[in-house]
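J.: Before we start, here is the structure in question, set down as structure tokens.
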Amino acid sequence: MTAPPVLSRGVLLRVFLRSLFLQASWNPQGMQNLGLAYAIYPALERLYPEKKALEEAVRRHLVFFNTHPYVAAAIVGGVLHHEQRVARGEESPDKVVAFKAALMGPLAALGDGFFWLSLKPATGAVSAALVPLVGVWAVGLFLLLYNGVHFTLRARLYLLGLLLGDRLVEAVARVNLPGRGAKLRMVGAACAGGLAAWLAVTFGLRAGGWFTPLLSVGCLALGALSYVLVARRVPSYVVLYVAAVLACGAGAFL
């Protein structure tokens, strides 16, 4: 019995590059299934030289599949890990199907929370805050920051899936994407607040004189105080009362 072919670096690179187009053939029935089959086809073609075995391998990846398009790289790598074991006769094809079904939901939630709700707003806020300094180059800065993290993490997840298979879950947990996402959201909020303060001071001086910057500082102080109160589980109506007092005080001087 001849040993199954080994996946070369060139094949692995082709699979990774193809995975970037995972949603290009999105469809209502299977969603990302065609994109997944397209991505891993060079590897399947290498692992299963016989036509019948290749058709069976492709068919088992045409079932429903849907997850976050970035963290899907981890599943793509894991699929290759399991398909190599299937080709060597070390496990049944059901194993790779179960692997996909078990991970696509949790990884989708993880990717949405980190990329859509944390990384994108944070890099957008940082770039927007730097507009007064760099001007239109802030657009390029946003693309550089966002895609620098995006592609780096995508490649890392692909390699983890390829090397670890089922143990991928432990490795992803150690990356701690939720914790990093929380820090990114704090950075985004700070940058957005700083930009708002700068705009208030800049345009306020032109429209309302020196009183406007003082009002802006008061609003920022209220925001910081509200954050502390909410973090200490102070009832929300207390925060509203504080805001009302500040509004009345500001109105008295206008």
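J.: For a quick check of your reading of the model, give me the residue pairs whose first member lies in region 75-99 and is closer than 14 Å to A57 by Cβ, whose second is among the polar types (S, T, N, Q), with beta-carbon atoms closer than 8 Å and at least 6 apart or on different chains.
T.: V86/S92
J.: For region 13-35, which positions are open to solvent by less than 60 Å² (accessible area, probe 1.4 Å), assigned to a helix (DSSP H, G or I) and within 18 Å of R156 (Cα to Cα)? Don't jump to the end; show me each part of the working.
T.: Filtering region 13-35 down to residues open to solvent by less than 60 Å² (accessible area, probe 1.4 Å) leaves 15-16, 18-19, 22, 25, 27, 30-33, 35.
Checking the rest, the ones that are also assigned to a helix (DSSP H, G or I) come to 15-16, 18-19, 33, 35.
Scanning region 13-35 gives V15, F16, R18, S19.
J.: Does I40 meet the test of being in a helix (DSSP H, G or I), touching a His at 6+ places or on another chain (Cβ under 9 Å) and in contact (Cβ under 8 Å) with a residue 24 or more places away in the chain?
T.: Numbers: in a helix (DSSP H, G or I): yes; touching a His at 6+ places or on another chain (Cβ under 9 Å): yes; in contact (Cβ under 8 Å) with a residue 24 or more places away in the chain: yes.
Spelling it out, I40 is indeed in a helix (DSSP H, G or I), touching a His at 6+ places or on another chain (Cβ under 9 Å) and in contact (Cβ under 8 Å) with a residue 24 or more places away in the chain.
J.: With the structure loaded, tell me whether V97 is over 17 Å from the mean Cα position of the chain (by Cα) and either open to solvent by less than 30 Å² (accessible area, probe 1.4 Å) or not acidic (D, E) (or both) or whether it fails that test. Spell out the reasoning first.
T.: Numbers: over 17 Å from the mean Cα position of the chain (by Cα): yes; either open to solvent by less than 30 Å² (accessible area, probe 1.4 Å) or not acidic (D, E) (or both): yes.
Spelling it out, V97 is indeed over 17 Å from the mean Cα position of the chain (by Cα) and either open to solvent by less than 30 Å² (accessible area, probe 1.4 Å) or not acidic (D, E) (or both).
Yes/no per residue for (1) at pLDDT 90 or above; (2) crowded, with 18+ Cβ neighbours inside 10 Å; (3) in contact with a Ser or Thr (Cβ under 6 Å, 6 or more places away or on another chain):
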position: V126; (1), (2), (3): no, yes, no
position: V131; (1), (2), (3): no, no, no
position: V136; (1), (2), (3): no, no, no
position: G140; (1), (2), (3): yes, no, no
position: L143; (1), (2), (3): yes, no, no
position: G148; (1), (2), (3): yes, no, no
position: F151; (1), (2), (3): yes, no, no
position: Y158; (1), (2), (3): yes, yes, no
position: L164; (1), (2), (3): no, no, no
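J.: Would you point out the residue of region 54-66, among those that are open to solvent by 30 Å² or more (accessible area, probe 1.4 Å) and closer than 22 Å to G77 by Cβ, that is nearest to the chain's Cα centre (by Cα)?
T.: Our first condition is that a residue be open to solvent by 30 Å² or more (accessible area, probe 1.4 Å); within region 54-66, this holds for 55-56, 58-60, 62-64, 66.
Still in the list and also closer than 22 Å to G77 by Cβ: 56, 58-60, 62-64, 66.
Values: E56: 33, V58: 28, R59: 29, R60: 27, L62: 25, V63: 24, F64: 22, N66: 15 Å.
Within region 54-66, the match that is nearest to the chain's Cα centre (by Cα) is N66.
J.: Could you tell me whether A72 is surrounded by 15 or more Cβ atoms within 10 Å (Cβ to Cβ) and of a type in the set (G, A, S)? Break it down into steps so the answer makes sense when it comes.
T.: On the way: surrounded by 15 or more Cβ atoms within 10 Å (Cβ to Cβ): yes; of a type in the set (G, A, S): yes.
Yes, satisfied.
The values are calculated or read from the model by the stated rules, or taken from the named source; none is laboratory data. In this text the structure is predicted, and so the values were computed from the model without any measurement. Reconstructed Cβ throughout: ideal geometry from the backbone, glycine too, with neighbour counts over all protein chains shown. Accessible surface areas use protein heavy atoms only, side chains included; no ligands, DNA or RNA. Shrake-Rupley method; radii C 1.70, N 1.55, O 1.52, S 1.80 Å.
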